[in-house]
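Undergrad: To start, I am sharing the structure in question, which I have written as structure tokens.
What follows draws every value from the coordinates through simple rules; no lab data is involved. Quick caveat, the model's predicted, so the values are computed rather than measured. Note that each Cβ is placed from the backbone with ideal geometry, even for glycine, and that neighbours are counted across all protein chains shown.
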Amino acid sequence: MKLTILGSGAWQGIPAPFCSCTICTHATENPTSKNNRTRPEVLVETDEGAFLLEVSPDIRVQSTRFHVPQVKDFVVSHWHFDHMYGLHELLTWIKKQEVRPTVHCSAGTKDKIDKEFGYLPLQVSVRQPFETFVVCGVSITPVPVYHMFKNDDVMKEHEIANTFGYILEHNGKRVVYLADYYRVPPETLKAIQNVDVLIADGTYLQTEDYEKQKPNHLHGDDILRFTKSVNAHEVYFHSISHLTQKTHEQMQAALPPSQYISYDGLQISP
């Protein structure tokens, strides 16, 4: 199993629109640097085929830049713009397919697809927490996380129907992909212990200023406390924003051993 981080940026990407901050300026002036980040998407490949985690709004650029093969399965964490709205970009391609592509997602994400993407000839497969399914030989287990504070915080763990993380298992290797979250429930935390690779949300990594305004994510040192509790062999942070005002290299230098800032095009082979 090989994973390629096609998009390592947060919801705005880097450089962000109309932004002249230090990091966005650096990215604009150095277009090939690791500080240039498109929105989240991960390509998963095995000998049996390939599929995508998320459908980035930057999928057009990513698919050509990294020569992404034809895929028929999209495994989506939740319905926010930066994780799913690349489906709009695929209209013409989807209509040409003899077999309708499948989006695997939570019940809450399906509701959004039905409302926003009803014109697309898609198959939508609603997945249930901790019920494993298989794509391209990879066993995929959805795990619930708390992300949308106003909706999720009143729900019990078994009721969460908005945002999933995913455990990927292939040939004895275990990779966990977690998109966005502010709390990880106990059953999920137990299920993701001691994995080979954890791909974790880094939107507010190395920042402390947005905790009160942005309750939908972990912030600052809470992120590192969480990743330490998972006991993963390696940790890769994605969804990196310009809010830290630090370069890729500066962020990496501040991390503990075996934890890494991802970048567009990074390949992971657990």
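Undergrad: Applying a 10 Å radius around every beta-carbon, put 222-229, 52-59 in order of their mean neighbour count, most first.
TA: 52-59, 222-229
Undergrad: Answer with one residue from 216, 38, 102: the one whose Cα lies farthest towards the positive end of the charge dipole of the chain, charges on Cβ with Lys, Arg +1 and Asp, Glu -1.
TA: Result: 102, furthest along the dipole toward the positive end.
Undergrad: Can you give me the three principal axis dimensions of segment 181-270 from its C-alpha atoms, in Å, biggest first?
TA: 33, 29, 20
Undergrad: I would also like to ask the following. Please arrange 135, 61 by how many other C-beta atoms lie within 10 Å of their C-beta, fewest to most.
TA: In order of increasing Cβ crowding within 10 Å: 61, 135.
Undergrad: Using helices alone, what [θ] at 222 nm do you get for the chain, with -39,500 (n - 2.57) per DSSP H run of 4 or more residues, divided over all residues and rounded to the nearest 500?
TA: Helix contribution divided over all residues of the chain: -5500 deg cm²/dmol.
Undergrad: May I ask you to sort 181, 260 by Cβ crowding, counting other Cβ atoms within 10 Å and putting the fewest first?
TA: Fewest to most other Cβ atoms nearby, the residues stand as 260, 181.
Undergrad: Quick one: which residues, 5+ away or cross-chain, put their amide H under 5 Å from the amide H of residue 139? H built at 1.01 Å from N.
TA: Hits under the 5 Å cutoff: 169.
Undergrad: For residue 183, what residues show an amide H to amide H distance below 5 Å, using hydrogens built from the backbone and excluding near sequence neighbours?
TA: It is 146, by chain and number.
Undergrad: Assign one of three labels to the chain, namely rounded, prolate or oblate, based on the Cα gyration tensor with a ≥ b ≥ c the square roots of its eigenvalues; rounded applies when a/c is under 1.5, prolate when it is not and a/b is larger than b/c, and oblate otherwise.
TA: Since a/c stays below 1.5, the shape of the chain is classed as rounded.
Undergrad: Now for a different question. For each of 221, 111, count neighbouring Cβ atoms within 10 Å of the residue's Cβ, then give the residues from fewest to most.
TA: Ordered from fewest to most neighbouring Cβ atoms within 10 Å, 221, 111 come out as 221, 111.
Undergrad: Could I ask something else about it? Hey, could you grab the Kirkwood Rh for segment 36-109? Inverse mean 1/r over distinct alpha carbon pairs, Å, one decimal.
TA: 12.6
Undergrad: Below 8 Å between Cα atoms, with a sequence gap of 6+, how large is the relative contact order for segment 1-137 in percent?
TA: Once normalised by length, the contact order is 21 percent.
Undergrad: Can you give the relative contact order of the chain as a percent, counting alpha carbon pairs under 8 Å and 6+ residues apart?
TA: 20
Undergrad: Quick one, what does Rg over Rh come out to for segment 43-165 if you take C-alpha atoms and the Kirkwood Rh?
TA: Radius of gyration over Kirkwood radius for segment 43-165 works out to 0.96.
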